[in-house]
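The block underneath contains the structure these notes are about, expressed in structure tokens.
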Amino acid sequence: MKNSCKAVIKLAKNGIAGLDYLSPVMDLAARIWLANVFFRAGYVKISSWSSTLQLFDYVYHVPYLPPHVAAYLAAGVELGGSVLLALGFGARFAAIALSILNATAVISYSGLGAAGLEEHFFWGLLLLIFIFHGPGKLSPDYLIRKKITG
């Protein structure tokens, strides 16, 4: 009985060590996947800029901002924030900016629907992980922090 308990404990320790070893790769994969979502949205905006401006004039009702300012900000945050997030450079700042954009999108577009709300909620949760956890060990942010803190 004792030997089987020891074997189970050793197996669990090895399993946890394997997961710990792979976690930086999963952080990187999640960053790249999420960055791709926002980058594609920004790319669509700039590739049809006149349509984007019309959408911000008539469909998206961003509070407190003129429509054209909101369109420029949205495209800039989606493109710039997604690149920073994917690279892991200024990733927490990028995740905060993308979170604000994500929440604003939910607020400003009443026609989002249940599936759209669910997607935005999921993206928001992933962004919160990067805000609180950081981008992970495979990032310049990690190396800079390690260098600063010793």
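The values are calculated or read from the model by the stated rules, or taken from the named source; none is laboratory data. Note that the structure is a prediction, hence the values are computed from the model and not measured. Cβ: placed from backbone, ideal geometry, glycine included. Neighbour counts: every protein chain shown.
Just a few scattered comments:
- Among the candidates 51, 82, 108, 47, the residue that is touching a Phe, Trp or Tyr at 6+ places or on another chain (Cβ under 6 Å), more than 25 Å from residue 145 (Cα to Cα) and among the small types (Gly, Ala, Ser) is uniquely 108.
- Residue 57 vs. criteria among the acidic types (Asp, Glu) and surrounded by fewer than 17 Cβ atoms within 10 Å (Cβ to Cβ): yes
- Residue within region 30-41 that is of a type outside the set (Ser, Thr, Tyr), within 30 Å of residue 94 (Cβ to Cβ) and in contact with an Asp or Glu (Cβ under 6 Å, 6 or more places away or on another chain) present: yes
- Scanning region 60-69 for residues that are touching a residue at least 24 places away in the same chain (Cβ under 8 Å) and either in contact with a Leu (Cβ under 8 Å, 6 or more places away or on another chain) or crowded, with 18+ Cβ neighbours inside 10 Å (or both) yields a count of 2.
- Looking across region 103-150 at every residue that is polar (S, T, N, Q) and at pLDDT below 95, the one that is surrounded by the most Cβ atoms within 10 Å (Cβ to Cβ) is identified as 108.
- Being more than 30 Å from residue 145 (Cα to Cα), surrounded by 12 or more Cβ atoms within 10 Å (Cβ to Cβ) and among the aromatic types (Phe, Trp, Tyr) is a condition met by at least one residue of region 20-43.
- The sole residue among 56, 89 that is in contact (Cβ under 8 Å) with a residue 24 or more places away in the chain and among the hydrophobic types (A, V, I, L, M, F, W, C) is 89.
- Unique match (being surrounded by 16 or more Cβ atoms within 10 Å (Cβ to Cβ), closer than 12 Å to residue 31 by Cβ and at pLDDT 95 or above) among 75, 95: 95
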